[in-house]
1. Determine the distance separating the Cα centre of region 18-54 from the Cα centre of region 122-171; give it in Å without decimals.
2. With every protein chain left in place, what is the accessible area per residue of region 146-195 in square angstrom, probe 1.4 Å?
3. For a protection proxy built on the mean count of beta-carbon atoms within 10 angstrom, sort 105-115, 207-217 highest first, please.
4. Counting pairs of alpha carbon atoms under 8 Å apart in space and at least six apart in sequence, what relative contact order in percent does the chain give?
5. Per 0.36 nm of contour for each residue apart, how much would the distance between Asp173 and Ile196 grow if the chain were fully extended, relative to their Cα-Cα spacing?
6. What's the extension gain from Arg120 to Thr40 if we count 0.36 nm per residue and subtract their Cα-Cα distance?
7. Amide H of Ser103: which non-local residues (sequence gap of 5 or more, or other chain) have their own amide H closer than 5 Å, using H built in the peptide plane?
8. If you wrap a convex hull around the Cα atoms of region 1-59, how much volume per residue is inside, in Å³?
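The values are calculated or read from the model by the stated rules, or taken from the named source; none is laboratory data. Treat the numbers as computed from the prediction; the structure is a model and nothing was measured. In this analysis, Cβ positions are derived from the backbone assuming ideal geometry, glycine residues included, and neighbour counts consider all displayed protein chains. When the accessible area is computed, the model is the full protein with side chains, heavy atoms only, and any ligands, DNA or RNA have been set aside. Shrake-Rupley method; radii C 1.70, N 1.55, O 1.52, S 1.80 Å.
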Amino acid sequence: MTSVLNIEENLKEVHHNIAQACQRAHRSIDEVTLISVSKTKPVELLCDAVSAGERNFGENKPQELKAKYEDERLPQDLKWHMIGHLQRNKIRYIIDKVTMIHSVDSVRLAEAISEEAIKRELVIPVLVEVNMAGEESKFGLAPEETESFIRQISVLKGIAVKGLMTIAPYTTDPETNRPYFRGLRELSIDIAGKSIDNIDMCALSMGMTGDYEVAIEEGATLVRVGTGIFGERHYNVEG
Ligand SMILES: *Cc1c(COP(=O)(O)O)cnc(C)c1O
């Protein structure tokens with residue numbers, strides 16, 4: 001019972017913060033979708049989030065996404081977002097289950113997703129991951145190579161590029177990430193201006209528990225919040 005209360009309350013607070021950030025930025029709250037990042041969390045907690053009205057969930061491991069997708073305790077109509085680094089041999093687990101793949105960062109991956117999608121007569125909405133801070137530990141394209149990358153993958157029939165995604169550096173001061181969020185939005189506007197066939201730049205996936213309010217002020221349309229809803233993640237030492 002306690003978990004029901006916690007998650008409901010956490011979600012209320014997150015939605016309140018989202019609304020306030022929208023107000024500060026003179027944006028409508030309809031422009032921002034909360035993705036509840038449920039990786040490592042048990043289905044019971046996702047049920048609590050569903051009861052509280054959530055529909056969009058984010059996972060970073062294909063097998064875990066598949067298992068939760070197929071779990072009978074959860075409704076069929078949830079929207080699943082693949083937000084983590086994706087290996088090509090895992091695409092088949094999730095291709096028919098995802099609303100969007102946020103983490104496309106190589107031509108080989110984009111081609112493999114497209115190929116698998118075409119086999120099943122699907123067109124998968126994807127985002128291109130950009131490493132705005134140039135962190136070596138992170139996946140994603142350098143901002144300056146993003147446009148030519150997008151031109152290259154724009155010919156693929158099984159995917160539809162919908163925008164950009166970034167994972168900002170870990171920080172205790174969200175203001176330090178504002179330039180990265182602003183930079184991603186500028187890059188997105190830049191690329192939108194090139195009117196590349198088959199390419200849409202309507203989605204900006206940026207902002208996590210520590211910095212989603214700043215991300216919304218800078219134009220995020222999808223925020224990915226885990227800890228702020230479900231609490232800290234406890235990773236098993238053995239992995
Ligand atoms: C885990 C994860 C999140 C959520 O992070 P929190 O700090 O727990 O909100 C968001 N985006 C990606 C890509 C993640 O892997």
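1. 23
2. Here the residues of region 146-195 average 50 Å² of exposed surface.
3. 207-217, 105-115
4. Values: 456 pairs, mean separation 48.5, N = 239.
Once divided by the residue count of the chain, the mean separation gives 20 percent.
5. Working: separation 23, 0.36 × 23 = 8.28 nm, distance 3.63 nm.
So the chain would gain 4.6 nm between Asp173 and Ile196.
6. Numbers: separation 80, 0.36 × 80 = 28.80 nm, distance 2.88 nm.
Gain on stretching Arg120 to Thr40: 25.9 nm.
7. Leu127
8. On the way: hull volume 4.5 nm³, N = 59.
With only Cα atoms used, region 1-59 gives 76 Å³ per residue.
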